[in-house]
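Remarks on the structure that follows.
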Ligand SMILES: Cc1cc2nc3c(=O)[nH]c(=O)nc-3n(C[C@H](O)[C@H](O)[C@H](O)COP(=O)(O)OP(=O)(O)OC[C@H]3O[C@@H](n4cnc5c(N)ncnc54)[C@H](O)[C@@H]3O)c2cc1C
């Protein structure tokens, strides 16, 4: 047998399902499929789970999405983080672990920190507020007279629209006299201590449930069969020495993060996609926290007015990153060839944006942070779907906002694969999945590769 570039394929193994990518999403899918009794092989070109874009995640858990299904999904997702030890348990409650079974070195922790959105009553009501009301998501709507005390020291003026330092039409340092008159707060929000460890927890649990992981192996071919080659047959992987191997499987799941569009092209699965995703270069900045801004006294915010989101970061720091304001150019890149050096100018700009809200924020002279990639879809909503190729599934387009949903995304994908492989026509009638913890209904039509273009849809990482 010969692979795509004429290299010899030296061996063949079989599986019920192959998952491409051992990030937080792929590891979660592998866990859910393995717990359903499938023989799962998860393949990643990197050395361990969570080494891809997952490792750079800000790991914010919030519920402020533009669609009802995304709000329901994130609320359901919170319950997995709260119940993490049980979710990633390597054995059922009370059952002793066999010697030699994989065990966790450590588990991630979830820190509760309120999420605030500033709003003005002269603006249209944000869509998530309606979803909160419909779904019963706990939240508080406060006006200035009743602003929570932890907002003391925060400048709640309306600086927007977000500007660049050389902006002529809207000078960066202009001093508005108008103030936000509403703060919408979710006290159940928070963040996860270590996103890479979260993926490793899921992978360890998946291994304990019978899945195997093949690291340092790159998927170089997706095999298809049947009439018009519209049925997936497996994949070909290549290790560092150029050795190739076929994994035959009737189910292949693309969870390749920022490489997912390349994998979809490799599979020949793009023709009927209305929604696609692309790798977007992103930077995250760390600086010393403003006064009183820590896990006790701080809050998280998707601050579209100044163009950044922020949250407390360990070591008395603040974590800041962009919300893609119109004035900033988006950097679409080749996921295998992009600038991995943090920009000094963008660091200064985004910290200055944050300093508008926090007058006591001291901007350090030297930049600190990281560079990574989003797999951004054109409406900032993920694709959790089947494809035009039978047996080939997509968990793509996570758009910088799906870390929090990894566990529930695994559940959705496993429910989808189970239903479609049993004959369900998901394209004709989208699956509605019931959350294990909350009983909420999550309509997977929202995450279809063929969903209609919504001109009112999301236009930033907030989704
Ligand atoms: C800077 C940043 C901040 C973020 N902040 C948040 C946040 O605050 N809250 C939130 O909810 N979400 C956030 N996200 C989004 C979230 O982290 C991602 O949605 C999530 O981690 C994506 O996981 P993944 O498993 O899909 O992708 P990845 O973690 O990138 O995993 C994909 C894997 O596929 C592998 N792969 C790719 N191609 C191949 C191939 N050909 N063969 C074999 N393996 C392959 C890669 O090696 C990689 O390990 C953020 C993302 C980034 C980058």
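The figures follow:
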quantity	calculated
Number of the condition not met by residue 218 [criteria: (1) within 16 Å of the ligand (Cβ to nearest atom); (2) surrounded by 19 or more Cβ atoms within 10 Å (Cβ to Cβ); (3) assigned by TED's automatic domain parsing to the domain that holds residue 90]	(2)
Flag if residue 438 is in contact (Cβ under 8 Å) with a residue 60 or more places away in the chain and not in a loop (DSSP other than H, G, I, E, B)	no
Checklist (1) in the same structural domain as residue 60 (by TED's automatic domain parsing); (2) buried (at least 19 other Cβ atoms within 10 Å of the Cβ); (3) within 28 Å of residue 86 (Cβ to Cβ) applied to residue 463, failing item	(1)
Single match in 263, 286 (criterion: out of contact with any helix residue (DSSP H, G or I) (no Cβ under 7 Å at 6 or more places or on another chain), in the same structural domain as residue 324 (by TED's automatic domain parsing) and within 15 Å of the ligand (Cβ to nearest atom))	286
Selected residue (criterion: surrounded by the most Cβ atoms within 10 Å (Cβ to Cβ)) from residues of the stretch 73-103 that are assigned to a loop (DSSP other than H, G, I, E, B) and modelled with pLDDT of 95 or more	88
Pair list, Cβ under 7 Å, 6 or more apart: the stretch 16-29 residue under 16 Å from residue 77 (Cβ atoms), other residue part of a strand (DSSP E or B) and near the ligand (Cβ under 8 Å from one of its atoms)	25/395; 29/395
Residue check for residue 48: surrounded by fewer than 24 Cβ atoms within 10 Å (Cβ to Cβ), under 24 Å from residue 207 (Cβ atoms) and at pLDDT below 95	no
Matching option when the condition is surrounded by fewer than 22 Cβ atoms within 10 Å (Cβ to Cβ) and in contact with a helix residue (DSSP H, G or I) (Cβ under 8 Å, 6 or more places away or on another chain), among 250, 258	250
Of all residues making up the stretch 16-28, the number that are under 21 Å from residue 220 (Cβ atoms) and more than 6 Å from the ligand (Cβ to nearest atom)	3
Any hit, the stretch 268-285, residues being under 25 Å from the mean Cα position of the chain (by Cα), surrounded by 24 or more Cβ atoms within 10 Å (Cβ to Cβ) and more than 19 Å from residue 56 (Cβ to Cβ)	yes
Test: residue in the stretch 441-460 that is within 11 Å of the ligand (Cβ to nearest atom), touching a residue at least 24 places away in the same chain (Cβ under 8 Å) and closer than 26 Å to residue 308 by Cβ	no
Evaluation of residue 350 against (1) part of a helix (DSSP H, G or I); (2) surrounded by 23 or more Cβ atoms within 10 Å (Cβ to Cβ); (3) more than 13 Å from the ligand (Cβ to nearest atom) (one fails), failing number	(3)
Scope the stretch 41-63; condition under 14 Å from the mean Cα position of the chain (by Cα) and more than 6 Å from the ligand (Cβ to nearest atom); matching residues	50, 55, 61, 62, 63
Where residue 162 falls short, out of the listed (1) in a loop (DSSP other than H, G, I, E, B); (2) in contact with a helix residue (DSSP H, G or I) (Cβ under 6 Å, 6 or more places away or on another chain); (3) within 23 Å of residue 401 (Cα to Cα)	(2)
Any strands (runs of 3 or more DSSP E) falling wholly within the stretch 354-421 and containing at least 1 residues that are away from the ligand (no atom under 16 Å from the Cβ)	383-386
Test result for residue 384, in the same structural domain as residue 253 (by TED's automatic domain parsing) and either surrounded by fewer than 24 Cβ atoms within 10 Å (Cβ to Cβ) or more than 27 Å from residue 137 (Cβ to Cβ) (or both)	no
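Matching residues to (1) touching a strand residue (DSSP E or B) at 6+ places or on another chain (Cβ under 8 Å); (2) touching a residue at least 40 places away in the same chain (Cβ under 8 Å); (3) surrounded by fewer than 21 Cβ atoms within 10 Å (Cβ to Cβ):
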site	(1), (2), (3)
190	yes, yes, no
200	no, yes, no
226	yes, yes, yes
231	yes, yes, yes
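The values are calculated or read from the model by the stated rules, or taken from the named source; none is laboratory data. This structure is a prediction, so every number in the text was calculated from the model and none was measured. Here Cβ is always computed from backbone atoms with ideal geometry, including for glycine, and neighbour counts include all displayed protein chains.
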